[in-house]
Amino acid sequence: MTGCGPGDFNYGKVGNLIQGAPMRLDAEYVILSPQQLQCGIQADLWDPPADAGGHSVARLTQKGRDLKFADDVSIGDMKQPYVQVRGEFSLVALDVQSDHDGSEPQSKLVEVKIGVPVANSCFPQPLPMMGVRKGNFTQDYPPVVQFKYNNGWYLDRIVH
């Protein structure tokens, strides 16, 4: 009877569950490198940045929206540029960092670096998803994902 109860939760299973089926993202943010920001300008995914009082914003083009980017790119208010994504994505578990029991019975909360694949040559690797701490998005911590057990483990939600 090994491997068929709530005790079979492990980091390999986390990766398989995250990557097992597309997930709908509604207001998550991904981090861009400066090179990806420049590539996106050259590929006409967003306009060159314009100053917005202390930080810059690069306006999305339709080509960028077609890739499921959902809002303009923000530059300068965090360490790296970042942009919101929205839609169905086949996520990638990049690095499972920790897990502990959730507040609900038969649930686990897992800190895991998640990559969001974007089908464009500017993004050969999945873009890292930002985490949330104390109600604010952050580039310093990975997302926390809740898993639940009901005749098998499943990914319930990304915790905010």
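The values are calculated or read from the model by the stated rules, or taken from the named source; none is laboratory data. Please read all numbers here as calculations on a predicted model, not as lab measurements. All Cβ positions, even for glycine, are placed from backbone atoms using ideal geometry, and neighbour counts span all protein chains on display.
Since Gln36 meets every condition but one in (1) touching a strand residue (DSSP E or B) at 6+ places or on another chain (Cβ under 6 Å); (2) touching a residue at least 40 places away in the same chain (Cβ under 8 Å); (3) of a type in the set (S, T, N, Q), which condition does it not meet?
Exception for Gln36: condition (1).
Could you give every pair whose Cβ atoms fall below 6 Å, whose first residue belongs to the range 62-83 and is farther than 25 Å from Met23 by Cα, and whose second residue is buried (at least 17 other Cβ atoms within 10 Å of the Cβ) and of a type outside the set (Asp, Glu), counting only separations of at least 6 or pairs across chains?
Partner pairs satisfying both residue conditions: Ile75/Pro49; Ile75/Ser56; Ile75/Pro81; Gly76/Ser56.
Quick one: in the range 24-72, which of the residues that are in contact with an Asp or Glu (Cβ under 8 Å, 6 or more places away or on another chain) and modelled with pLDDT under 95 is farthest from Val132 (Cα to Cα)?
Looking at the filtered set, the residue picked out is Gly54.
Would a scan of the range 84-96 turn up a residue that is closer than 30 Å to Thr61 by Cβ and basic (Lys, Arg)? Write out each step before concluding.
Going residue by residue through the range 84-96, those that are closer than 30 Å to Thr61 by Cβ are 84-92, 94.
So of that shortlist, the ones also basic (Lys, Arg) come out as 86.
The answer is yes, given that some residue of the range 84-96 is closer than 30 Å to Thr61 by Cβ and basic (Lys, Arg).
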